[in-house]
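Asks: My questions will all concern the structure given below.
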Amino acid sequence: MLRPRVPAAQYDQNQRERVTLSQTNAVEARNAVKAFGEGDNSVRALNDVSVEIRKGEFFTLLGPSGCGKTTLLRLIAGFEMPTSGTILLDGQDITYLPPNKRPVNTVFQSYALFPHLTVAQNVGFGLQMQGRPAAEVKETTARMLALVKLESMANRKTSQLSGGQQQRVALARALAPQPKVLLLDEPLSALDLKLRKEMQIELKRLQTETGITFVFVTHDQEEALTMSDRVGVMSAGKLQQVGAPKDIYTRPVNRFVASFIGETNFLSATAEPGAARLATGAVVEMPGLARSGPVTVTVRPEQVRLVDASEPGAIAATVKTLVYFGTDTHCYLALQDGSELVARLQSPATGEVGLQQGQQVGVRFTPGAAQIVED
Amino acid sequence: MATKTFSVAKLPGFTTTAVLVFIALYLPIFTLVAYSFNASQSVAVWGGFSLDWYAKAWNNDQVKDATMRSLIIAVSAAVMSTAVATMAALGTTRRKAFKGQTFIYVMINQPLMVPEIVTAVSLLIFFGMIKQATGIQGIGYVIFAHAAFCIPFAYLPIRARLEGMDLTLETAAADLYASPWQIFRHVTLPLLLPGVIAGAMLAFVISLDDVVITEFVKSGGQDTLPTYMLGQMRRQLTPEINAISSMLLALTVVLLTAFFLLTRKND
């Protein structure tokens, strides 16, 4: 009899781990590669991407256009097949399964509502195609329309709806068959700012209420930070960093992630035990830093504080420009070696930060705010 | 500097030319319709108003017979050519550009380019060989011939409609658990329908008034309305011909108006 040669206890442990693994991951991509074109002209839209998306989470793929985020989404939906690699859904290999056989639904960027059908027929389409009984289709459609607050529009044609309403229909249509994973391809990009903010809250509400795993694709960092449980930052066909919004923002792993999410300062420095020595000679204390050689230090503008030039330990700087933004004022500084630094100062009640161009100031970073990033 | 935009409408003699062209186009048709109400035997001398020729044409068994045959042929040819054209349009638009695509377009639209008389003679000879080999007679040959030359007319509006269709809709249907057949049945076909109907109507009208190919392919006693009229004119010319033509004209105008309305709705 062929049995794994492991002690019973350990075998049990492995079993349990395997079960928990498949229970926690709704979607998993393993070494996914997608190349378009042939031979020398081929372009790798996805270059060896592996990611685990947990059950019930709001996961966002964030990146500039052309970074491969939509391609990854299309691999999960089944609209494209990977050149190599595996896509798992609930622990099962679905890499080559056609889209109609996957319990995954998509909200398209263009909504892709069926123009020849009514709102209710659009919402019920998936259930109808699955061959569910008419009564169930009707009941679920009504429930979904209530969920997106469009009960009164059930018999309208989709062309009679506003952009925001069409968006809701697209959501209801994709949620109606109760997919294991809902994929959203930049669904808010066509909406105006006010509506987009409303829909962000709405989406988060729907995700919490339905408990369905959402995989959301966007190039808007604010959307990613406000809605997601976890964010995967992509660039040039690679996943750069995966983590909670706070982790990504406060501890970016590389220059790309640091600069793509929010604004930041980069300073060249030399690593020393427990500190980084800037090019100006000033020392930024970084407890726990255990490397040496040239490094890049990043610090968010809101973590830069201005102090009196004479304060000991402060980095000497000159005020170059002040830009008033309402809630805060951006202060562009030049360090002694010529490198630039931006400080975001909260505007006082008068709006006057009390600084002048050319003024000598001292700069301090909030403890722990400075980070080392890879280039 | 004042820019003077060029406008054809402002050229000297524009209105005159336009009016003359319209007269040249429509005066003969107008005359034909007017003389169909002629009380006299002549197609050229007005003898007062009458509906006699309509009544005569209506009660003429040969006309009835030819009309029925024309309609059967036109409906069959329209259905067959539209089915083939729909498949051809799907095949040429629902895939990535392929080598020889232009060649395929030319092949499908070939009946528009090849002189009708060539098609007619070749079909006559080809069908003659089949008849000799199998001994099968019947109206089927005319129907097949019509279906063949109607394909490009049905193909063009269907392809235009398909090319304007958002492919994401089919992707969305697949995403919502529709099988390839269900996608076609529930999404592609309903959206394509105006194009299909337009194509079928165009094919119907084209088949209805074909003379050359029918004349060559038909056997004895298989006159369609146009070939019957041609035969009548060789013997004697009465306003009965005008009456039949006017009715055909009315039918065509109705169909083409419907075609126009259907295609306009697409925008």
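Asks: Can you find a residue that is more than 31 Å from the chain's Cα centre (by Cα), assigned to a loop (DSSP other than H, G, I, E, B), among the β-branched types (Val, Ile, Thr) and assigned by TED's automatic domain parsing to the domain that holds A:Val342 anywhere in region A:257-277?
Replies: no
Asks: So if I check each of A:Glu302, A:Glu311, which one is modelled with pLDDT of 90 or more and either in contact with a His (Cβ under 8 Å, 6 or more places away or on another chain) or among the charged types (D, E, K, R) (or both)?
Replies: Matching residue, one of A:Glu302, A:Glu311: A:Glu302.
Asks: So B:Asp210 clears everything in (1) surrounded by 22 or more Cβ atoms within 10 Å (Cβ to Cβ); (2) more than 10 Å from chain A (Cβ to nearest Cβ); (3) assigned to a helix (DSSP H, G or I) except one condition, right? Which one?
Replies: (3)
Asks: How about region A:107-153: which of its residues are within 9 Å of another protein chain (Cβ to nearest Cβ), closer than 24 Å to A:Ser189 by Cβ and surrounded by 19 or more Cβ atoms within 10 Å (Cβ to Cβ)?
Replies: Correct list: A:Phe108, A:Tyr111, A:Ala112, A:Leu113, A:Phe114, A:Phe125, A:Gly126.
Asks: In addition: Find all pairs meeting these conditions: Cβ atoms under 6 angstrom apart; at least six residues apart or on different chains; first residue within region A:41-59 and over 22 Å from A:Ala244 (Cα atoms); second residue of a type in the set (D, E, K, R).
Replies: A:Ala45/A:Lys34; A:Leu46/A:Lys34; A:Asn47/A:Lys238
Asks: Does A:Thr70 fit the bill of being more than 14 Å from chain B (Cβ to nearest Cβ), within 25 Å of A:His219 (Cα to Cα) and either among the polar types (S, T, N, Q) or touching a Phe, Trp or Tyr at 6+ places or on another chain (Cβ under 9 Å) (or both)?
Replies: No, not satisfied.
Asks: Only one of (1) more than 29 Å from A:Asp247 (Cβ to Cβ); (2) not in a loop (DSSP other than H, G, I, E, B) is not met by A:Ile372, so which one is it?
Replies: Every condition holds for A:Ile372 apart from (1).
Asks: When the residues of region B:94-140 are narrowed to those that are part of a helix (DSSP H, G or I) and touching an Asp or Glu at 6+ places or on another chain (Cβ under 9 Å), which ends up nearest to B:Asp65 (Cα to Cα)?
Replies: Checking each candidate, the answer is B:Ala120.
Asks: Name the residues in region A:154-171 that are surrounded by 14 or more Cβ atoms within 10 Å (Cβ to Cβ), over 17 Å from A:Lys194 (Cα atoms) and of a type in the set (Gly, Ala, Ser), would you?
Replies: A:Ala154, A:Ala170
Asks: How many residues does region B:148-184 contain that are more than 9 Å from chain A (Cβ to nearest Cβ) and outside any helix (DSSP H, G or I)?
Replies: 2
Asks: While we're on this one: Please verify whether B:Val63 is in a helix (DSSP H, G or I), closer than 22 Å to B:Thr224 by Cβ, at pLDDT below 90 and not aromatic (Phe, Trp, Tyr), treating the condition exactly as stated.
Replies: Yes: the conditions hold for B:Val63.
Asks: I need every pair where a residue in region B:221-239 that is at negative phi has its Cβ under 8 Å from the Cβ of a residue that is assigned to a loop (DSSP other than H, G, I, E, B) and among the charged types (D, E, K, R), sequence separation at least 6 or different chains.
Replies: Partner pairs satisfying both residue conditions: B:Thr224/B:Asp210; B:Thr224/B:Lys218; B:Pro226/B:Asp209; B:Pro226/B:Asp210; B:Thr227/B:Lys218; B:Gly231/B:Asp223.
Asks: Could you say whether any residue in region B:158-166 is of a type in the set (Asp, Glu) and under 30 Å from the mean Cα position of the chain (by Cα)?
Replies: yes
Asks: Among the listed residues A:Arg364, A:Arg305, A:Arg291, which satisfies the condition of being in a loop (DSSP other than H, G, I, E, B) and not hydrophobic (A, V, I, L, M, F, W, C)?
Replies: A:Arg291
Asks: Next question. Look at A:Gly232 and say whether it is modelled with pLDDT under 90 and of a type outside the set (D, E, K, R).
Replies: So A:Gly232 fails the test.
Asks: Ok, one more. For region A:325-375, which residues satisfy the criterion of being touching a Phe, Trp or Tyr at 6+ places or on another chain (Cβ under 7 Å) and surrounded by 16 or more Cβ atoms within 10 Å (Cβ to Cβ)?
Replies: A:Val342
The values are calculated or read from the model by the stated rules, or taken from the named source; none is laboratory data. Model, not experiment: these values are computed from the prediction. All Cβ positions, glycine included, derive from the backbone under ideal geometry; neighbour counts span all protein chains shown.
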